[in-house]
1. Whether any residue in the stretch B:139-153 is part of a loop (DSSP other than H, G, I, E, B), surrounded by fewer than 23 Cβ atoms within 10 Å (Cβ to Cβ) and without any contact (Cβ under 8 Å) to a residue 12 or more places away in the chain is what I want to check.
2. All but one of (1) more than 14 Å from every other protein chain (Cβ to nearest Cβ); (2) at positive phi hold for residue B:39; state the number of the condition that does not hold.
3. Kindly indicate which of B:173, B:150, B:140 is touching an Asp or Glu at 6+ places or on another chain (Cβ under 7 Å) and within 23 Å of residue B:50 (Cβ to Cβ).
4. Considering only residues that are without any contact (Cβ under 8 Å) to a residue 40 or more places away in the chain and assigned to a strand (DSSP E or B), look in the stretch A:47-58 and name the one that is surrounded by the most Cβ atoms within 10 Å (Cβ to Cβ).
5. Select from the stretch B:74-109 the residues that are facing chain A (nearest Cβ under 10 Å) and assigned to a strand (DSSP E or B) and write down the one among them that is farthest from residue B:158 (Cα to Cα).
6. I'm trying to understand the selection: among the residues of the stretch B:111-123, which are within 10 Å of chain A (Cβ to nearest Cβ) and either of a type in the set (Lys, Arg) or buried (at least 21 other Cβ atoms within 10 Å of the Cβ) (or both)?
7. Among (1) assigned to a helix (DSSP H, G or I); (2) in contact (Cβ under 8 Å) with a residue 12 or more places away in the chain; (3) of a type in the set (Asp, Glu), there is one condition residue B:58 misses while meeting the rest; what is its number?
8. Among the strands (runs of 3 or more DSSP E) lying completely within the stretch A:74-186, list those that include at least 3 residues that are at the interface with chain B (Cβ under 9 Å from one of its Cβ atoms).
Amino acid sequence: MRLTALAVLLGVALAAPTGPAMAAWRGYISHPLGFAFAAPGELKVEKGTYQGTVAGQHDTLIYRFIDDNIEYKAVVIDVGDKANDAANLLGEAEYLFQEKKKVLMDTFGRVDRQYGRKFTIELPNNGGRTTAAFYFVNGRIVSLQATVLPANGDYETPEMGRFVDSITFFTVRAADDAIELPAPPK
Amino acid sequence: MRRWVSAAAGTALVLAVTPAQAGWKSYINRELGFSFMAPGEIKTDVGTFRGAVAGPRETIVYRSVDNNIEYKVTVMSFLQAQAEGATILGEREYMFQEKKKVLMDAFGRVEPGKDAVYGRKIVVDLPDHKGRTTGAFYFTKGRLISLEATVLPANGDFGSPDPALFVDSIAFTLSRTEPGAVELETPKLE
């Protein structure tokens with residue numbers, strides 16, 4: 001009896017997944033920026049730049065996570081100085097995102113009174129597949145982008161949709177234990 | 001000779017049963033900052049629009065009908081809510097296609113380079129076989145401008161190139177407008 005139980009336990013241990021453990025999803029919130037979302041993995045904060053012919057050059061703030069060879073990014077482009085051109089700036093950012101890429105999905109995004117768009121594209125040179133959502137809120141282009149890298153290879157994973165659909169602009173809808181997102185590095 | 005007469009008579013018959021294609025003209029409204037081309041006689045009207053985000057709005061409508069295709073340009077002013085333009089435009093596009101069969105939904109881009117105005121072009125089948133509408137939607141300089149061309153069932157040629165010709169004729173850089181374009185009046189809104 002004891003031997004049988006041991007054999008079963010050993011079998012279970014051997015059958016357990018040998019790949020990297022998938023991280024738990026956590027809620028994140030930025031009260032100054034007015035949005036919240038959920039993502040797995042360790043948070044890194046980066047700065048970058050965005051360039052559009054209409055928008056010009058603008059600083060970007062990127063909250064990045066990587067888990068199970070899927071990269072999750074929340075990108076915030078501050079275009080407050082041109083906020084009156086909101087529709088055009090959002091349209092340009094969406095256009096640039098999908099330009100010269102194979103578009104698999106292009107549809108309405110509608111969250112908390114905000115209308116935007118959601119896309120799924122294939123990256124060139126078998127670089128993976130990205131699902132993204134774009135919104136314009138309070139003088140900022142807010143984009144969530146999840147990229148399944150070739151090392152993951154499961155391009156049908158629901159995790160991409162889960163990430164981009166987790167955005168909320170009503171911060172009261174954020175998870176109760178949501179972590180406050182840090183300000184960008186100086 | 002008899003054959004020639006019968007051919008001419010046939011041509012005359014065809015011409016008689018095909019509605020005359022009215023000539024296309026350019027129209028311009030310098031105050032509102034756009035121009036377009038359309039056939040038929042343009043009539044100016046005011047109307048109303050209501051969206052959950054946009055709220056109630058008065059609209060300026062330029063409309064013509066030719067060969068059982070209705071051409072419509074609608075202008076709404078949001079000068080006090082320009083920073084909300086992206087959502088207001090998105091709501092208008094969403095309402096246009098809601099509960100309809102969408103045949104096309106693509107980027108619209110008018111004017112080159114830094115003058116580019118980005119919007120959407122959408123083709124829908126109207127419910128109850130009421131026709132097919134091609135729409136283009138833009139938000140620029142505080143105004144939401146939409147062009148809609150509806151091929152009515154009485155026309156029946158739902159593959160007609162005329163709706164695309166209409167929506168693609170929009171220009172926001174007025175130096176591109178044909179010389180001699182007809183000046184459109186801007187009706188006073190309340």
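1. No, there is no match, as no residue in the stretch B:139-153 is part of a loop (DSSP other than H, G, I, E, B), surrounded by fewer than 23 Cβ atoms within 10 Å (Cβ to Cβ) and without any contact (Cβ under 8 Å) to a residue 12 or more places away in the chain.
2. Failed condition: (2).
3. B:150
4. Residue satisfying both the conditions and the ranking: A:58.
5. B:109
6. Across the stretch B:111-123, the qualifying residues are B:114, B:117, B:118, B:119, B:120.
7. (1)
8. Values: elements: A:102-111, A:114-122, A:129-137, A:140-148.
Counting at least 3 such residues, we get A:102-111, A:114-122, A:129-137.
The values are calculated or read from the model by the stated rules, or taken from the named source; none is laboratory data. Owing to the predicted nature of the structure, the values given are computational and were not obtained by experimental measurement. So basically every Cβ, Gly included, is an ideal-geometry build from the backbone, and we count neighbours across all protein chains shown.
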